[in-house]
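A single structure is presented below for examination.
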Amino acid sequence: MNIIPSTAVPYIVLFGAFLYNLNIGIINSYGNLNIYLTSYLRYKGNNVTYRDVAFIYELTIITLGIFMLVGNIVQKKFGERITILACSLMTFLAFYLSSVYAHSYILLCIFMGFFYAVGYGICFTIPLSCAYKHFKNNRGFISGIIISAISLSPFLYCPLQTMLINKNNVSPVQKKINNSTEYYFDDKDVLNRVPNVLFLQSIIFLIFSTMGGFLATMEIKMDNDPEIKKQKKNLLSEEKNSNTNNVDKNIVDLEKNEEGYVATDKYKYNTNTDSNNIDIKNDHSRSAKSTKKKKKRKFGFGFMNDDKNNNDDNDSKQKGNSLFGMLTLDRIFADNYIGKYYNKKCTEDKFFFLLWISVVLFNCYINFVIMYWKIIGINYTHVEDKLITLNGSFINSLSNIAGRIIWGIIYDKIKINYTIFILGICIIFCCFILPIISHVYIYYVLVCALFYFCIGGSFVTIPVITLKKYGETHFSLNMSILYTSRIANTFLCSIIVASFYKMLQLRYLSYAFGIISSVSTLLMCILTK
């Protein structure tokens, strides 16, 4: 007997998916952790900068994208529940070992950058695919709720990191590195707390991600559920009643000297050629008219219904007129383009590579914002660490959550290309306005909030495009392939930052991402029309 009713299972699955993503999204706290890890590694004798530690985040994204492709195979072989629980344990070990070997830059790259991303990548699509099984409508809204948990993760981990590592609100010290001025911590009490925080994060992750993964993979047991049993009984009784009625109707009165037979289930679906020949011999004119009507029904590019054999000419004309009215340009375009690849693999789409490139360019700004928002604030606003962290993590997280939900709703209500155009305008505005206002704290906070609002929309864009364009049948595979664009835009962001990091100040790098966003917005609007 089931304790949990079947009607509650979808909402439990949704909560489990949200809880799992809330913890697996710890990657979004790497930007806050960057300054602490960089300072700690320098304290332990590693000659590293912000740019070097940012490579851990880039390695994570690259590995994540690669193992998303492997994840589809692993999920099919071992099942969703075993896969997500095993990967949760693997991620716990990755952060636990990171706390033990926090003094080594290479080992941090291996554990925080590689092993964590392997577990994350294999299970990335499980929360979404599990929720989609129970929610058939408003998929954009459901995607927004689940993915918004990843945005809420910094609000959980960033204050934890800052309050435990820098509990006395010690200010970083200005240092000259590569002809530029940067700020690092040199207080030993602050630096020695870094490994402890990594260990605490691993424990928190183990508890909540395991619980979330278990709930997200819950399924409705069809055989034991009393409501489903009632529905099955009702359907069986209805089928029996309909069968008996059909038999009674097909019995012909033999006393009137008419030929008759009892129609059983075998005769219903059997096409007898002999009887057809008899009908043709008896009435040639009637068969000729019927063949003409069949030909008329086939005309109209498949919009006419061939299964219903209606002999009324007026009814057929009315149906034809109403259905021909549906032959608008939008309908033809949708049938020939979107419907052509629906519930198929994205690799069958000849325009997929262009779509993939446009997503790469469109989301290129994300890595820059996530990794450098706090560093820009500390270097240019000169506001204390706790204030930047608490305000930034809270406001950015809420903005990101709101962005994922609101943009998800907009995707449900408006065409994809219109939504992408509005989102692209917001991204371009943020990229060009950031260097101008970064020295004023209030404006800096507002622009960061708008940036994270756009990031929420960018992350919702990938599953929405995958679902609406390629359907649900191969969702995990198509989502994994399209998400590999995160690998490419991570490389692109890394190249841009590495090329101009020494030439320009950090805040002026956003101009480059504004130009890239302008080009990609136009390209995506064309490809998703």
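What follows draws every value from the coordinates through simple rules; no lab data is involved. If you're wondering where the values come from, they're calculated on a predicted model, not measured in any experiment. Every residue, glycine as well, gets a Cβ built from its backbone with ideal geometry; the counts of neighbours run over all protein chains shown.
What list of whole percents do you get for P(r) of region 423-464, with Cα-Cα distances grouped in 5 Å bins up to the one holding the largest distance?
Calculated over all Cα pairs of region 423-464, the distribution is 5, 25, 29, 20, 12, 5, 3, 0 percent.
Based on the Cβ-Cβ distance from Ala86 to Ile4, what FRET efficiency comes out when R0 is 25 Å, to the nearest 0.05?
0.55
For region 32-181, what is the convex hull volume of the alpha-carbon atoms per residue, in Å³?
So the per-residue Cα hull volume is 139 Å³.
Still on this structure, I have one more. Mean projection of the alpha-carbon convex hull of region 431-494 over all orientations, in nm²?
Projected area, direction-averaged: 5.4 nm².
First check a/c for region 64-129, with a ≥ b ≥ c the square roots of the eigenvalues of its C-alpha gyration tensor; if it is under 1.5, answer rounded, and if not, answer prolate when a/b is larger than b/c or oblate otherwise.
Taking the square roots of the gyration eigenvalues as a ≥ b ≥ c, region 64-129 is prolate.
Now for a separate question. For the pair Phe135 and Lys413, how long in nm is the line joining their label points, each one 7 Å along Cα→Cβ?
1.7 nm
I've got another one for you. First check a/c for region 106-201, with a ≥ b ≥ c the square roots of the eigenvalues of its C-alpha gyration tensor; if it is under 1.5, answer rounded, and if not, answer prolate when a/b is larger than b/c or oblate otherwise.
It comes out prolate by the Cα gyration axes.
Let me ask something else about it. Report, in listed order, any pair from Lys77/Lys415; Lys374/Lys529; Lys136/Lys344; Lys374/Lys468; Lys76/Lys468; Lys76/Lys350 with a Cα-Cα distance greater than 29 Å.
Lys77/Lys415; Lys374/Lys529; Lys374/Lys468
Could you check the spin-label model distance between Leu93 and Phe500? Points 7 Å from the Cα along Cα→Cβ, value in nm.
For the pair Leu93/Phe500, the computed spacing is 4.2 nm.
Using 0.36 nm times the number of residues separating Ile433 and Lys386, minus their current alpha carbon distance, what extension gain do you get?
14.4 nm
Summing Lys, Arg as +1 and Asp, Glu as -1, what charge do residues with Cβ under 10 Å from the Cβ of Asn379 carry, Asn379 excluded?
+1
According to the Kirkwood expression over distinct Cα-Cα pairs, how big is the hydrodynamic radius of region 347-489, in Å?
The answer is 16.1 Å.
Continuing with the same structure: Can you tell me how region 1-46 classifies by the Cα gyration tensor, rounded, prolate or oblate, using a/c under 1.5 as the rounded cut?
Cα axes put region 1-46 in the prolate bin.
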